[in-house]
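Take a look at the following structure, please.
The values are calculated or read from the model by the stated rules, or taken from the named source; none is laboratory data. Since the structure is predicted, the reported quantities are computational estimates derived from the model, not experimental observations. Positions of Cβ are generated from backbone atoms using ideal geometry, with glycine treated the same way; all protein chains shown enter the neighbour counts. With ligands, DNA and RNA removed, areas are computed over all heavy atoms of the protein, side chains included. Shrake-Rupley method; radii C 1.70, N 1.55, O 1.52, S 1.80 Å.
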Amino acid sequence: MNKALKYILLLVLFLGLVSIRAFEDVLFYDPYLTFFENDYLYMDSPRREIAKLVFYTSLRFFLNTLLSLGVLFVIFSDKSIIRFSIVVFSIAYILLMILFLYFVINPKQEDYYLFFNIRRFLIQPIGLILLLPAFYYYELNR
């Protein structure tokens, strides 16, 4: 892949990640967006539709994952890295979704901070932020 095409693809993929974040209010159902923007430690958990919340949180995770996998492929062009990343993202999704559902179904004020961070891993491309330098280091020492 030539360098210009690589940079254009990376720009498009990162714009996709930024767009998901920029238009989160319009694209996704998430009553916790405004809840966590306020002084949530002194408030009750917002009313929510659990199935709808899980669907849109999952959709957002999968969109971020697809774009993240695209970034990793454009940068490293190694299918084994992509396969490993798919395994990591799949395991992370299962574990984080179990914890997310627990906190959604059993909201307690003392758990809000932990819930906020679990939710953050699901709705933001933190997997990419963790895997990109790890694979870069791996490539340097290969």
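Determine the distance separating the Cα centre of the range 1-37 from the Cα centre of the range 70-102; give it in Å without decimals.
The two parts, judged by their Cα centres, are 17 Å apart.
So, one more: Along each of its three principal axes, how wide is the spread of alpha-carbon positions in the range 61-142, in whole angstrom units, largest first?
46, 20, 16
Please state the charge dipole magnitude for the chain, taken about the Cα centre, from unit charges on C-beta atoms (+1 on K and R, -1 on D and E), reported in debye and rounded to the nearest 20.
Details: 13 positive and 11 negative charges, 121 e Å.
Here the size comes out at about 580 debye.
Using a 1.4 angstrom probe, figure out how much accessible area the chain has per residue, in square angstrom, rounded to the nearest whole.
Details: 8880 Å² over 142 residues.
Ligands and nucleic acids excluded, the result is 63 Å² per residue.
Then there is this: For the range 108-124, just list the computed ³J(HN,Hα) in residue order, Karplus coefficients 6.51, -1.76 and 1.60, θ = phi - 60°, integers in Hz, with x standing in for Gly and Pro.
For the range 108-124, the Karplus-derived couplings read 9, 4, 5, 9, 4, 5, 5, 4, 4, 6, 4, 4, 4, 5, 7, 9, 10 Hz, x marking Gly and Pro.
Could you give each residue of the range 25-31 its phi-based ³J(HN,Hα) in whole Hz, using Karplus coefficients 6.51, -1.76, 1.60 with θ = phi - 60°, and x for Gly or Pro?
5, 8, 7, 10, 7, 7, x
Here is a follow-up. Taking all protein chains as present, what is the carbon and sulfur share of the accessible area of the chain, in % to the nearest whole number, probe 1.4 Å? Each step should come with its number before you reach the end.
Details: 6070 of 8880 Å².
Carbon with sulfur: 68 percent of the solvent-accessible area.
How many nm separate the modelled label positions at V18 and V54, each set 7 Å beyond the Cα in the direction of the Cβ?
3.5
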